[in-house]
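Asks: Could you have a look at this structure, given as structure tokens, before my questions?
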Amino acid sequence: MDGVLIDSFYSWLETLDTTAKHFGFKGVTEEEYRLRFGQSTARDIELWMPTVTREQVEDNLKFETEENK
């Protein structure tokens, strides 16, 4: 362990919620996500964006990151 500990729950929630909405899904509530926090990204995509591929999500996140620089 490198000594850095953070609570990433809200960062992941915001990322997942924003990405789901980008692809036309209803988004993810805190209550919904709290029940499944810690599962794999692949499982998150299956649950909240079932018609979207992992590659599409990754491309969107790269675009969003570049836009916010």
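Asks: Relative contact order (percent) for the chain, with alpha-carbon contacts under 8 angstrom and 6 or more residues of separation?
Replies: 26 percent
Asks: Another question, if that's okay. Could you report the chain's accessible area per residue, 1.4 Å probe, as an integer in Å²?
Replies: Result: 76 Å² per residue.
Asks: Which number do you get for Rg(Cα) / (2.2 N^0.38 Å) in the chain?
Replies: The value comes to 1.16.
Asks: For the chain, which whole percent of the accessible surface, found with a 1.4 angstrom probe, sits on carbon and sulfur atoms?
Replies: Here it works out to 53 percent.
Asks: A further question follows. For residue 53 paired with residue 25, estimate the spin-label separation in nm (one decimal), with each label point 7 Å from Cα along the Cα-to-Cβ line.
Replies: Roughly 1.7 nm, to one decimal.
Asks: Same structure, new question: Grab the Cα-Cα distance for residue 11 and residue 34, subtract it from 0.36 nm times how many residues apart they are, and report the gain in nm with one decimal.
Replies: Stretched fully, the residue 11-residue 34 segment lengthens by 7.0 nm.
The values are calculated or read from the model by the stated rules, or taken from the named source; none is laboratory data. Everything quoted here is computed from the prediction, not taken from an experiment. Note: ideal-geometry Cβ built from the backbone for every residue, glycine included; neighbour counts use all protein chains shown. SASA here: full protein model, heavy atoms, side chains in, ligands and nucleic acids out. Shrake-Rupley method; radii C 1.70, N 1.55, O 1.52, S 1.80 Å.
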